[in-house]
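*Asks:* Below are the structure tokens for one structure; questions will follow.
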Amino acid sequence: MTQIGSSPVRGGAYADVPTQTLTADGVTYAYRELGPKTGVPVVLLTHLAAVLDNWDPRVVDGLAAQHRLIAFDNRGVGASTGRTPDTIEAMATDAVTFVRALGLQRVDLFGFSMGGMIAQVIAQREPDLVRKVILAGTGPAGGEGIEKVTRLSHLDTVRGLITFQDPKQFLFFTRTAGGRRAGKEFLARLKERTHDRDKAISPRAYLTQLKAIHRWGLQAPADLSAIHQPVLVANGDNDRMVPTVNSVDLARRLPDSDLVIYPDAGHGGIFQYHEQFVAKALQFLAE
């Protein structure tokens, strides 16, 4: 059974669009959408611990200038109900349920970090649903260093508490002058939405997501040659969370891929270089 809580509202900036709800298979998903009504929609799949307010408004607004964008909270995260899955594969199933509940027959996927892992599963399972894929700051199953995300996340969370900083300053950005500046600017942009903000992820959901990522890192490598959709792979040149070598590996193993690596950038390279990334992504989606 599918029930949409309110009619779609599009247009305006991401900081201002309303949060909507949609119920499918007993789960109520919170989501936001903006951009033109025509064309293939771009579905955003987000990172560990993220809710709707964690998408960089410069990236979302930039892409929404030409495409309908849809961001949603995963099951059990933010304002979405249900229990958080402990595998990437189950998260992919939820994402497909949400997409089909919207009545969409064809979508592009933009997955960042954990969302990129989810996007890989969807692209393999649902080839007729997915037209193109953007994978940023992510890696394949069994990828190098992915099983260390839990330890790194815990350490940088403590580091953030000690220094009174957001852990993403350490997890997403380099410690160079440029990286520090980019991190502060990114975190400031995340605060631009001042009303109807999302609920933060619960500690239980966060730990469950970490378990899912850890399992992904220990899995046997998947046959990525089965992903025939065009894929844009992007990352910074110094990603500590999902080492950059994984982006190179993805691009090498995917049959139809384009790779872009941003200098002096970490896991959040697409946010540090948001202008260049948006231009590249728009070109890729238009080709």
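*Asks:* If I go through the range 151-166 residue by residue, how many of them are within 9 Å of Met241 (Cα to Cα) and not hydrophobic (A, V, I, L, M, F, W, C)?
*Replies:* Pass one, the range 151-166, residues within 9 Å of Met241 (Cα to Cα): 152-153.
Retained after the next criterion (residues that are not hydrophobic (A, V, I, L, M, F, W, C)): 153.
Summing the residues that are within 9 Å of Met241 (Cα to Cα) and not hydrophobic (A, V, I, L, M, F, W, C) in the range 151-166 gives 1.
*Asks:* Specify which of the listed residues (Arg215, Arg181, Arg159) is assigned to a helix (DSSP H, G or I), more than 26 Å from Asp249 (Cβ to Cβ) and either of a type in the set (Ser, Thr, Tyr) or out of contact with any helix residue (DSSP H, G or I) (no Cβ under 6 Å at 6 or more places or on another chain) (or both).
*Replies:* Numbers: Arg215 fails: more than 26 Å from Asp249 (Cβ to Cβ); Arg159 fails: either of a type in the set (Ser, Thr, Tyr) or out of contact with any helix residue (DSSP H, G or I) (no Cβ under 6 Å at 6 or more places or on another chain) (or both).
Unique residue meeting the criteria: Arg181.
*Asks:* Going by the conditions given, is Val99 without any contact (Cβ under 8 Å) to a residue 60 or more places away in the chain, within 26 Å of Lys211 (Cβ to Cβ) and touching a strand residue (DSSP E or B) at 6+ places or on another chain (Cβ under 8 Å)? Lay out the reasoning, then the answer.
*Replies:* Numbers: without any contact (Cβ under 8 Å) to a residue 60 or more places away in the chain: yes; within 26 Å of Lys211 (Cβ to Cβ): yes; touching a strand residue (DSSP E or B) at 6+ places or on another chain (Cβ under 8 Å): yes.
So Val99 passes the test.
*Asks:* It is to be established whether one or more residues within the range 7-27 are at pLDDT 95 or above, farther than 29 Å from Pro167 by Cα and assigned to a loop (DSSP other than H, G, I, E, B).
*Replies:* Looking through the range 7-27, at least one residue is at pLDDT 95 or above, farther than 29 Å from Pro167 by Cα and assigned to a loop (DSSP other than H, G, I, E, B).
*Asks:* Now a separate question. Scanning the range 17-55 for residues that are under 23 Å from Arg131 (Cβ atoms), in contact with a Lys or Arg (Cβ under 7 Å, 6 or more places away or on another chain) and among the charged types (D, E, K, R), which turns out surrounded by the fewest Cβ atoms within 10 Å (Cβ to Cβ)?
*Replies:* Lys37
*Asks:* I'd like the full set of residues that are within 12 Å of Val233 (Cβ to Cβ), within 18 Å of the chain's Cα centre (by Cα) and assigned to a helix (DSSP H, G or I), limited to the range 252-276.
*Replies:* Matches in the range 252-276: Gly269, Ile270.
*Asks:* If Ala188 meets every condition in (1) surrounded by fewer than 22 Cβ atoms within 10 Å (Cβ to Cβ); (2) touching a helix residue (DSSP H, G or I) at 6+ places or on another chain (Cβ under 9 Å); (3) among the small types (Gly, Ala, Ser); (4) closer than 22 Å to Gly78 by Cβ apart from one, which number is that one?
*Replies:* Failed condition: (2).
*Asks:* Quick one: what pairs do we get from the range 102-120, first residue within 16 Å of Ile88 (Cβ to Cβ) and modelled with pLDDT of 95 or more, second among the charged types (D, E, K, R) and outside any strand (DSSP E or B), C-beta under 9 Å, 6+ apart or different chains?
*Replies:* Within 9 Å, the pairs are Ile118/Glu89; Ile118/Asp94.
*Asks:* Which of (1) surrounded by 15 or more Cβ atoms within 10 Å (Cβ to Cβ); (2) in contact with a His (Cβ under 9 Å, 6 or more places away or on another chain) is the odd one out, the single condition Asp256 does not satisfy?
*Replies:* (1)
*Asks:* Find the residue count for the range 157-192, including only residues that are free of Cβ contacts under 8 Å to residues at least 12 places away in the same chain and over 21 Å from Thr138 (Cα atoms).
*Replies:* 14
The values are calculated or read from the model by the stated rules, or taken from the named source; none is laboratory data. In this text the structure is predicted, and so the values were computed from the model without any measurement. Because the Cβ atoms are built from the backbone with ideal geometry, glycine has one as well, and the counts that use them run over all protein chains shown.
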